[in-house]
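Presented below is the structure to which this report refers.
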Amino acid sequence: MLNINITRTTTPKQKPNNPLIGIGKAFTDHMFLMKYSPDQGWHDPKIEPFHDLTLSPATTVFHYGQEMFEGMKAYRGKDDDIYLFRPEKNGERTNMTNKRLCMPEIPVEDFVQAVRTLVELDADWIPGEPGTSLYIRPFIIGTDPFIGLTPSETFLFCIIMAPSGPYYGKDEQAPVSIWVEEEYVRAVRGGMGFAKAGGNYAASMVAQANAKQAGYAQVLWLDGLERKYVEEVGAMNIFFKIGGKVVTPALTGSILPGITRDSVITLCRSWGLSVEERLVSIDELVDANRQGLLEEVFGTGTAAVISPVGKLGYREDVLVINDNKTGPLSQRIYETVTGIQCGALVDPYGWRVKI
Ligand code: PLP
Ligand code: COI
């Protein structure tokens with residue numbers, strides 16, 4: 001259990017008028033900070049007014065990108081109850097990422113306590129309009145002021161939070177167009193694709209920028225070896241409904257094991273649907289689409305929630321899915337996941353954590 005020292009702001013900020021802003025533009029009044037050193041371990045946990053960080057220009061994170069982050073949300077329910085969704089999973093994934101990046105693990109209960117305490121303090125920042133929530137961004141950076149290429153020995157764990165609306169900046173359920181990327185790859189097996197490391201996102205930016213210019217919301221990554229198998233999208237995992245079956249790429253090591261992905265698989269199986277976690281080639285999708293069997297495509301993620309995909313741009317072609325409309329399965333999953341998250345539906349799996 002952490003003994004968190006809290007310093008409250010004396011100058012609360014003005015909250016954004018429009019909570020339907022994209023993710024992470026305005027930040028709440030407070031932030032969580034905790035340091036790590038080899039002799040003291042994780043120590044000095046505190047919450048302070050949101051402020052800038054001061055770091056030596058030699059700091060590890062600036063040169064070698066020793067950084068990880070998490071993404072989670074706090075939801076405001078109907079009776080103003082506040083919930084987190086499976087926060088212990090973010091704590092577990094933090095530790096998985098940290099091992100890969102030579103960073104010290106954090107006890108999961110301490111991670112969750114830090115998030116809970118900060119959310120409680122800034123609870124009045126959680127918007128209540130449909131499609132809105134408070135986005136929570138925990139992150140850890142290597143802080144040694146040393147330019148030699150060795151893992152940092154000191155670290156800083158921070159949590160910042162931002163009220164947010166739909167990730168794609170419009171109606172959360174409107175289908176998005178995604179570009180199938182063949183030139184660049186995001187991650188390879190043996191790399192850190194399964195970890196939530198900032199470096200993965202740096203590697204993705206050029207393809208993302210090109211896709212945006214061509215009118216696509218994000219890219220669909222193919223595997224780094226053969227550029228044949230579908231992996232995931234820029235900020236979400238991907239699902240297909242092919243001939244009545246739900247199919248999603250297996251976790252081969254280069255894909256982020258999404259918490260929403262795991263929840264969607266559990267829900268679909270509980271509804272009696274067949275869910276296959278396996279290799280899915282882009283050729284299989286093109287064939288299925290040609291035969292009229294590619295019934296639905298949707299992405300899953302904390303920021304993206306359940307995001308139907310209406311078009312897949314691939315080479316010279318555009319695969320149009322379900323007439324570029326939200327399909328019934330995507331709709332059902334969206335309603336169920338968001339219903340559980342904000343307390344409107346029963347939560348048979350105990351995923352919701354009330355604050
Ligand atoms: N894949 C990537 C690359 C992501 O950034 C995210 C977002 O966190 C996801 C998948 C979905 O993961 P989760 O459902 O845990 O948010
Ligand atoms: C999330 O969904 O939490 C993410 O981390 C995606 C991010 C790139 C906005």
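For the reader, a short list of remarks on this structure follows.
- Test: residue in segment 216-223 that is surrounded by fewer than 18 Cβ atoms within 10 Å (Cβ to Cβ) and more than 16 Å from ARG261 (Cβ to Cβ): no
- Inclusion of ARG86 among residues that are closer than 15 Å to SER164 by Cβ, charged (D, E, K, R) and in contact with a Phe, Trp or Tyr (Cβ under 8 Å, 6 or more places away or on another chain) is not warranted.
- Any hit, segment 79-90, residues being at pLDDT below 95 and of a type in the set (Val, Ile, Thr): no
Residue-wise test of (1) of a type in the set (Ser, Thr, Tyr); (2) in contact with a Cys (Cβ under 6 Å, 6 or more places away or on another chain); (3) closer than 30 Å to GLU120 by Cβ.
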| residue | (1), (2), (3) |
| --- | --- |
| ILE141 | no, no, yes |
| THR154 | yes, no, yes |
| GLY193 | no, no, no |
| GLY199 | no, no, no |
| ALA217 | no, no, no |
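- Of all residues in segment 273-302, those satisfying the criterion of being among the small types (Gly, Ala, Ser) and either in contact with a strand residue (DSSP E or B) (Cβ under 7 Å, 6 or more places away or on another chain) or closer than 15 Å to THR336 by Cα (or both) are SER274, SER281, ALA288, GLY299, GLY301.
- For segment 315-334, a tally of residues being in contact with a strand residue (DSSP E or B) (Cβ under 9 Å, 6 or more places away or on another chain) and either farther than 16 Å from PRO175 by Cβ or assigned to a helix (DSSP H, G or I) (or both) returns 10.
- The residues of segment 150-175 that are buried (at least 22 other Cβ atoms within 10 Å of the Cβ) and among the β-branched types (Val, Ile, Thr) amount to a single one, ILE159.
- Output for segment 43-62, where each listed residue is open to solvent by 20 Å² or more (accessible area, probe 1.4 Å) and among the β-branched types (Val, Ile, Thr): THR54, VAL61
- Selection from segment 57-110 of residues that are at positive phi and within 16 Å of ligand 2 (Cβ to nearest atom): GLY65, ARG86
- Filtered residues of segment 260-287 (kept if open to solvent by 20 Å² or more (accessible area, probe 1.4 Å) and either closer than 15 Å to PHE194 by Cα or in a loop (DSSP other than H, G, I, E, B) (or both)): ASP262, TRP271, GLY272, LEU273, SER274, LEU279
- Restricting attention to segment 179-196, the residues that are open to solvent by less than 30 Å² (accessible area, probe 1.4 Å) and either in contact with a Lys or Arg (Cβ under 7 Å, 6 or more places away or on another chain) or free of Cβ contacts under 8 Å to residues at least 12 places away in the same chain (or both) total 3.
- Selection count, segment 208-257, where residues are on the phi > 0 side of the Ramachandran plot and within 16 Å of ligand 1 (Cβ to nearest atom): 1
- Scanning segment 107-149 for residues that are more than 19 Å from the chain's Cα centre (by Cα), β-branched (Val, Ile, Thr) and crowded, with 16+ Cβ neighbours inside 10 Å yields THR117, THR143.
- Candidate set from segment 63-92 (those that are assigned to a helix (DSSP H, G or I) and open to solvent by less than 20 Å² (accessible area, probe 1.4 Å)); member that is farthest from TYR36 (Cα to Cα): PRO87
- Exactly one residue out of THR54, THR28 is assigned to a loop (DSSP other than H, G, I, E, B), away from ligand 1 (no atom under 16 Å from the Cβ) and in contact with a strand residue (DSSP E or B) (Cβ under 7 Å, 6 or more places away or on another chain): that is THR28.
The values are calculated or read from the model by the stated rules, or taken from the named source; none is laboratory data. Keep in mind that this is a model prediction, so the values were computed, not measured. Backbone-built Cβ (ideal geometry, glycine too); neighbour counts: all protein chains shown. SASA here: full protein model, heavy atoms, side chains in, ligands and nucleic acids out. Shrake-Rupley method; radii C 1.70, N 1.55, O 1.52, S 1.80 Å.
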